[in-house]
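Right, one structure below, let's go through it.
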Amino acid sequence: MRFLFLIASNLKRKKLRTLLTILSILVAFLLFGYLSAIRVALSSGVDVADADRLVIRHKVSIIQLLPESYGRDIARMEGVAQLTHATWFGGIYQEPKNFFPQMPVHPDDYLAVYPEVLLPDDQLQAWKNTKTGAIVGRTTADRFGFEIGDRVPILSPIWPQKDGNQTWEFDIVGIYDGAEQGTDTSPLFFRYDYFDETHMGDRGQVGWYVLRVTDADLATQVAEAIDANFANSFAETKSEPEGAFVQAFAKQIGNIAAIMIAILSMVFFTILLVAGNTMAQSVHERTRELAVLKSIGFTDRGTLFLVLGESTIISAIGGLMGLGLAWLMISAGDPTKGAFPVFYFPEKDIVLGLLLVGALGLAAGIFPALQAKQLRIADALRR
Amino acid sequence: MNDIASPSAEPASPEPADSAETLLDLRGIDKTFKRGSEEIQVLQKLDLQVPRGEFLALMGPSGSGKSTLLNLIGGLDRPSHGEIHVDNHRIDRLSDRKLATWRARNVGFVFQFYNLMPVLTAARNVELPLLLTRMNGARRRKHVATALDVVGLSHRVKHYPRQLSGGEQQRVGIARAIVTDPQLLLCDEPTGDLDRKSGDEILDLLQALNQHHGKTIIMVTHDPHAAERASRTLHLDKGRLNRED
Ligand SMILES: Nc1ncnc2c1ncn2[C@@H]1O[C@H](COP(=O)(O)OP(=O)(O)OP(=O)(O)O)[C@@H](O)[C@H]1O
Ligand SMILES: [Mg+2]
C-alpha cells in the first residue's frame with residue numbers, strides 16, 4: 001500500500017478528466033443498481049412461483065368465474081395435497097392511484113397453500129372470529145399506516161353489496177409478513193364467507209383455484225386430470241403451474257427485462273470505452289515518467305500493476321458510489337408508490353455489481369498497462 | 001502489490017574510496033541500432049575502465065553515442081556485443097527483472113530535464129526509489145530529509161516541481177538519485193538546461209558528492225567548463241573513446 005500515493009497522485013493530473021470519467025462510471029452503476037430493483041419488481045411473481053402449486057382458472061379467461069362446487073371435486077382428486085381459492089375484488093381505497101390487490105379467501109386453506117404468508121396465530125384466530133375481518137401485508141400496512149383495529153373502507157365497482165352499496169368496510173385484524181424478501185406483501189385478504197353472502201351477484205362463485213400437489217413431479221398429470229374432469233361442463237378449466245400463470249401476466253414484462261439488459265450492456269460497453277480511453281491517454285502522457293520509474297528500479301511487472309491499480313481505483317470510486325447511491329435510492333422505496341410492491345436491491349445483483357466494478361477496472365486498464373510493461377526505457381527517454 | 005518492489009536490501013554504506021580498485025569495466029562493447037532495414041553502429045569495440053571514486057566527464061559531438069553509453073553502464077539498455085562489469089558483477093546478462101533490482105541498489109540517474117513527477121512534492125519524488133526497499137515510512141522520511149539536506153533543499157520539501165526553479169528541480173533530481181546511497185551516479189547533461197550560475201551550483205554539488213561522499217560519477221556534458229570539474233575527461237568519437245589530447 002506504500003504505492004497508493006503514487007497511484008492516487010496520477011488521478012490529480014487531469015482533475016476534470018478524472019472527475020468526468022468517475023461520474024460516467026457512477027451513472028452507469030447507479031443505472032445498473034436501480035434497474036435491477038425494477039427488474040425484481042416486475043418479475044417478482046415469477047421468481048417466487050412455487051413449482052408444486054397449480055392454478056386452475058376458467059378456460060376462456062381469468063375474469064370468468066368458476067363454481068365453488070368444483071372445489072369439492074378437485075379436493076378429492078389424486079395428487080392434490082391442499083386446495084384453496086381466491087377472487088379478484090378490484091377495490092379502490094380512497095382513490096385509484098392507491099392501488100393494492102384485495103381478495104376474499106378462506107383463511108385456513110389459503111395459509112396452508114401459501115406458507116410464505118406469515119401471520120401470527122392470535123391474529124389468525126381473531127380473523128376466524130371476525131366475519132368482517134381482513135389481514136393486510138406489511139407493505140400496504142406501512143404505506144397507508146393501517147393498524148390492527150382500523151376499519152378500512154374499500155369501494156368495489158365490480159362487487160356491489162346486495163343493497164347496491166359499493167363501499168365495503170373491513171376490520172383489520174392482522175398484519176402479515178413475507179417469509180422471503182421476494183414475497184409480495186401488498187394484498188389485503190378478507191373472508192370469503194362474508195364476501196359470498198354480502199355481494200349482489202350469484203352465490204358460490206370464485207375467481208380461481210390454487211392447489212398444492214403432493215409431489216412436484218405429478219403437477220402436469222394433476223393439471224391434465226382436472227381439465228379432463230371439467231371438459232364439456234359449462235365452465236371448462238385451464239390448469240397450469242403457478243409459474244406459467246404468473247408468467248402469462250409477466251410476459252410483456254419479461255420483454256422489458258430483456259430490453260433493460262440490452263440497454264445496460266450498451267451502457268457498460270460505452271463506459272468501458274470511456275474509462276479505457278482515459279487510461280490510454282493517461283499512460284500515453286507520461287511515457288517518460290514511466291520510463292524514469294523503471295530507470296529507478298521499478299520492474300516491468302511493477303509498472304503494469306501501477307497502471308492497473310490506477311484504473312481499478314477509478315472504477316472503484318465511480319462504481320462504489322454508483323452502487324451506494326442506487327442502494328440509497330432503492331431503500332427510499334417504491335418510486336411508483338404502489339405499482340411495485342416488491343422493490344429491493346437483490347443481494348446477487350449487489351455481488352454482480354461489485355464484480356463488474358473489478359472487471360471494468362481491469363478491462364479498462366489492461367491494454368495501457370501492458371503498454372507500460374513493455375515500454376523500453378532507453379527509447380522512451382529519447383522522446 | 002509486493003511485486004512492484006524488486007526486493008532490495010538496505011542501501012550499501014559508502015565504502016572507503018580506493019583509487020586503484022576498478023568499479024566499472026567495459027570490454028569490447030558494440031552497440032548497433034536498427035532503423036528500418038538500416039543498421040547504425042554507434043559504439044564499436046569500446047573499452048572503458050573507471051576506478052572507484054572517479055569523477056569522469058564524457059564529451060563528444062551530438063549523436064556520437066554518449067547517452068547510449070551511459071544507458072549501457074546504467075543497465076537501461078544492453079550492448080550488442082561485449083561485457084559490462086560493475087563492482088565485479090556482470091550486468092549485461094541479467095534478466096530484466098534482476099537488472100531492475102540491480103539499478104535500484106547501485107545506480108542513481110540524473111537527467112538533463114530533471115524528469116520529476118509533476119504531481120508529487122519534492123519529498124515524494126525523492127522517496128520514490130525508497131519504495132522499492134523494505135524500509136518503513138518513518139525511515140523513508142528520514143532518508144528523504146537527509147538527501148534533501150545534502151542538496152540544500154530542506155526548505156522546499158512540500159513544494160511541487162512547478163513551484164521550483166530549474167536549479168532547484170535538478171537538486172531534487174540529484175536527491176532522488178542519491179537517496180538509496182548508490183555507489184554510481186550517472187548524469188546526462190545535468191547542467192544542459194541551466195544558466196551558468198545554477199549550473200555551477202549543480203557542479204559544486206556533484207563535486208562534493210564525489211569528494212565527500214565517495215560517489216563515482218560519470219557525467220555527459222557538452223560544456224568544457226563543466227568538464228573541468230571532473231578528474232578525467234574522455235571524448236567519444238566514431239564509436240570509440242579518446243583521451244583528451
Ligand atoms: N533507440 C534508438 N533507436 C535508434 N537509433 C538510436 C537509438 N538510440 C540512439 N540512436 C542513435 O544512436 C546515435 C547516438 O545517440 P545518442 O543519443 O547516444 O547520442 P548523444 O551522443 O547522446 O547525442 P546528444 O549529444 O545529442 O545527446 C544517434 O545517431 C541516434 O540517432
Ligand atoms: Mg545524449
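Data for the structure
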{"quantity": "Cross-link pairs A:131/A:238; A:294/B:66; B:158/B:197; B:45/B:238; A:12/B:158 - those with Cα-Cα distance over 22 Å", "calculated": "A:131/A:238; B:158/B:197"}
{"quantity": "Rounded to whole Å, sorted largest first: equivalent-ellipsoid semi-axes of region A:1-159, Cα gyration tensor", "calculated": "49, 21, 18"}
{"quantity": "Solvent-accessible surface ranking, highest first, for A:162, A:12 at 1.4 angstrom", "calculated": "A:162, A:12"}
{"quantity": "Using alpha-carbon coordinates, inclination of helix A:219-229 to the longest axis of chain A, degrees", "calculated": "30"}
{"quantity": "Reachable aspartates and glutamates from residue A:162, criterion Cα separation under 20 angstrom, eight or more residues apart if same chain", "calculated": "A:68, A:171, A:193, A:196, A:197, A:202"}
{"quantity": "Exercise: per-residue mean of other protein chain Cβ atoms within 10 Å, B:177-188", "calculated": "1"}
{"quantity": "Region A:79-154: trypsin sites (Lys or Arg not before Pro) falling in loop per DSSP and having at most 15 other Cβ within 10 Å", "calculated": "A:131"}
{"quantity": "Within region A:53-253, percent of DSSP bridges classed antiparallel, to nearest 5", "calculated": "75"}
{"quantity": "For chain A, built as a Gaussian network whose Cα springs stay under 10 Å, the top-fluctuating residue of A:355, A:66, A:26", "calculated": "A:355"}
{"quantity": "Structure-based [θ]222 nm, chain A - -39500 (n - 2.57) summed over DSSP H runs of at least 4, per residue, nearest 500", "calculated": "-18000 deg cm²/dmol"}
{"quantity": "Leading residue at positive end of dipole, region A:53-253 (Cβ point charges), from A:172, A:199, A:135", "calculated": "A:199"}
{"quantity": "Length-normalised contact order of chain B in % [C-alpha pairs under 8 Å, at least 6 apart]", "calculated": "29"}
{"quantity": "Candidates B:215, B:34, B:98, ranked by Gaussian network fluctuation over chain B, Cα under 10 Å, top entry", "calculated": "B:34"}
{"quantity": "Label-point separation, residue B:138 to residue A:179 (7 Å along Cα→Cβ), nm", "calculated": "6.0"}
{"quantity": "Lys, Arg +1 and Asp, Glu -1 on Cβ, resulting dipole of chain A about Cα centre, debye, nearest 20", "calculated": "3300"}
{"quantity": "Cα centre as origin, Lys/Arg/Asp/Glu Cβ charges: region A:53-253 dipole, Debye", "calculated": "460"}
{"quantity": "Heavy atoms of residue A:14 accessible to a 1.4 Å probe, total area in Å² rounded to 10", "calculated": "90"}
{"quantity": "Contact surface A-B: accessible area buried, both sides summed, square angstrom, 1.4 angstrom probe", "calculated": "2800"}
{"quantity": "Global size of region B:127-226 as Cα Rg and Dmax, reported in angstrom", "calculated": "13.6, 43"}
{"quantity": "Estimated inter-spin distance, residue B:155 and residue A:352, nm [label 7 Å along Cα→Cβ]", "calculated": "6.2"}
{"quantity": "Over chain A, volume per residue of the alpha carbon convex hull, in Å³", "calculated": "175"}
{"quantity": "Gained length - residue B:83 relative to residue B:33, 0.36 nm times residue gap less alpha-carbon distance", "calculated": "16.2 nm"}
{"quantity": "Positive-end residue of A:107, A:75, A:30, charge dipole of region A:1-142 with Cβ unit charges", "calculated": "A:30"}
{"quantity": "Within chain B: Cβ-based charge dipole about Cα centre, in debye rounded to nearest 20 (Lys, Arg +1; Asp, Glu -1)", "calculated": "860"}
{"quantity": "Average beta-carbon neighbours from other chains, 10 Å sphere, peptide B:67-80", "calculated": "2"}
{"quantity": "Shape call, region A:53-253: gyration tensor on alpha carbons, a/c limit 1.5", "calculated": "prolate"}
{"quantity": "FRET efficiency estimate (nearest 0.05) - Cβ-Cβ, residue A:262 to residue A:379, R0 51 angstrom", "calculated": "0.70"}
{"quantity": "Accessible area in square angstrom per residue, region B:88-167, 1.4 angstrom probe", "calculated": "48"}
{"quantity": "For chain A, share of DSSP beta bridges that run antiparallel, in % to the nearest 5", "calculated": "75"}
{"quantity": "FRET efficiency, residue A:15 to residue B:47 (Cβ-Cβ, R0 30 Å, nearest 0.05)", "calculated": "0.05"}
{"quantity": "Residue A:332 paired with residue A:144, simple spin-label distance in nm, labels 7 Å along Cα-to-beta-carbon", "calculated": "2.5"}
{"quantity": "The protein assembly as shown - percent of accessible surface contributed by carbon and sulfur, probe 1.4 Å", "calculated": "55"}
{"quantity": "Cβ-Cβ FRET estimate between residue A:227 and residue A:366, R0 fixed at 51 Å, reported to 0.05", "calculated": "0.35"}
{"quantity": "Solvent-accessible surface ranking, highest first, for B:196, A:191 at 1.4 angstrom", "calculated": "B:196, A:191"}
{"quantity": "Percent RCO, i.e. relative contact order, over region A:53-253, from Cα pairs under 8 Å lying at least 6 residues apart", "calculated": "35"}
{"quantity": "Gaussian network model of chain A, Cα within-10 Å springs - most flexible of A:220, A:336, A:270", "calculated": "A:336"}
{"quantity": "Chain A, accessible area per residue, ligands and nucleic acids excluded (1.4 Å, Å²)", "calculated": "47"}
{"quantity": "Whole-Hz ³J(HN,Hα) from phi, Karplus 6.51 cos²θ - 1.76 cosθ + 1.60, for region A:102-119, glycine and proline x", "calculated": "10, 9, x, 9, 8, x, 4, 4, 5, 5, 5, 7, 10, x, 6, 8, 9, 10"}
{"quantity": "Listed peptides A:227-233, B:80-86 by packing density, highest first (mean Cβ within 10 Å)", "calculated": "B:80-86, A:227-233"}
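The values are calculated or read from the model by the stated rules, or taken from the named source; none is laboratory data. This one's a predicted model, so the numbers in the text were calculated from it and none came from an experiment. Neighbour counts run over all protein chains shown; Cβ positions are idealised from the backbone, glycine included. Calculation scope for accessible area: heavy atoms of the full protein, side chains included, ligands and nucleic acids excluded. Shrake-Rupley method; radii C 1.70, N 1.55, O 1.52, S 1.80 Å.
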